[in-house]
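Worksheet: the structure to be examined is printed underneath.
The values are calculated or read from the model by the stated rules, or taken from the named source; none is laboratory data. None of the values given here were measured: they were computed from a predicted structure. Cβ sites come from the backbone with ideal geometry, for glycine too, and all protein chains shown count toward neighbours. In case anyone asks, the SASA skips ligands and DNA or RNA and just uses the protein heavy atoms, side chains included. Shrake-Rupley method; radii C 1.70, N 1.55, O 1.52, S 1.80 Å.
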Amino acid sequence: MEKILVIGSGLMGSGIALVSAKAGFDVTVVERSQADLHQGMERMKNTLTSLIQKETWTKGEKELIWDRIQGSTMLESGKDAHLVIEAVPEKLSFKQAVFRELDQVINKEAILASNTSSLSIAAIGGVTERPDKVVGMHFFSPVPVMKLLELVYSLSTSDETLQKVKLIGEKMGKTTIIAKDFPGFTVNRVLVPMMNEAVYLVMEGNEPEQIDRGLELGANHPLGPLRLADYVGLDVLLFTLESLYEGFNDSKYRPCPLLRRMVEAGRFGKKTGQGFYSYK
Ligand code: CAA
């Protein structure tokens, strides 16, 4: 395994590209347009600078990492990749379109992984002629800091594929867990309903600070569920809950009406400046 192709350079894609390069892989990041690619490369540069300022990574690593990353707007530039990690927005039709194209363009031996946090790996792999080589590699945000990598196998994913991505994940410094291909996999299946429950508490009139402090000090969580929801993005949280709700057809995953209202009002959390807390 030498070359990794990362599709998408948003928050997740750029983090995945950085940890891949740090692990010694040659990385090509693909975006739809030059403008998006430019934005993604800037994001990576800023993240790298901030990781060095915080002494999470060392100055010496910076040049090495940066030299290993290339940007492109053409999937063909990664056709000799050994592994592709897709990190485009969480919409099944987007992901399926990307995988259909990847299957045509990328060499037949390559593993095609999705960073989806809730969509079906079977449905993504099903549009390719190599579903045995399609797997979930679910990284957690912020990717350079979070230690976990959740590996998701569908009914069609081969053991060989799973073993290969496990080794790559470990080379990236991540600890892996293995999860079955059901909505929310393992971590989000537990975490996301907890955040939803915290939103119900706000709707009932409790103060966000009180709820967060409760979970921080009473359950030893590093940060409370509402602050975390603001960081993750309330739009992303709502989408993940809807995937659980639809996937299991179970009312226990029903998104809290307040969460829906906040998203409708454009209060997505930190990225829009307002969520349960203000970031202005
Ligand atoms: N998503 C996006 N950004 C995050 C984030 C997250 N989950 N968690 C932290 N950040 C960002 C913060 O916004 C902050 O950004 P700025 O530097 O631009 O202000 C930066 O990371 C540092 O955060 P802190 O101020 O908290 O710094 P710290 O060094 O004290 O702690 C940390 C860093 C250990 C990562 C801590 O923030 C933390 O524990 N965060 C929670 C991480 C987490 O639980 N991630 C899993 C999310 S679950 C998920 O993603 C669900 C899903 O798929 C739908």
Of the numbered conditions (1) farther than 23 Å from GLY233 by Cβ; (2) in the same structural domain as LEU244 (by TED's automatic domain parsing), VAL165 fails exactly one; give the number of that condition. (2)
Which members of the range 8-36 meet the condition of being away from the ligand (no atom under 16 Å from the Cβ) and under 17 Å from GLU170 (Cβ atoms)? SER20, ALA21, LYS22, ALA23, GLY24, PHE25
Unique residue being modelled with pLDDT under 95 and within 23 Å of LEU148 (Cβ to Cβ) when the list is LYS59, LYS54, LYS91: LYS54
Exactly one condition in (1) over 30 Å from ARG227 (Cα atoms); (2) touching a strand residue (DSSP E or B) at 6+ places or on another chain (Cβ under 8 Å); (3) open to solvent by less than 60 Å² (accessible area, probe 1.4 Å) is not met by LEU148; state its number. (1)
Tell me which residues, restricted to the range 79-125, are touching a strand residue (DSSP E or B) at 6+ places or on another chain (Cβ under 7 Å), of a type in the set (Gly, Ala, Ser) and in a helix (DSSP H, G or I). GLY125
Residues located in the range 192-214, provided they are without any contact (Cβ under 8 Å) to a residue 40 or more places away in the chain and either open to solvent by less than 50 Å² (accessible area, probe 1.4 Å) or in the same structural domain as MET137 (by TED's automatic domain parsing) (or both): ALA198, ILE211, ASP212, GLY214
Every residue from the range 116-138 that is hydroxyl-bearing (Ser, Thr, Tyr) and away from the ligand (no atom under 16 Å from the Cβ): THR128
Which one of these is within 16 Å of the ligand (Cβ to nearest atom) and surrounded by 13 or more Cβ atoms within 10 Å (Cβ to Cβ): LEU48, LEU5? LEU48
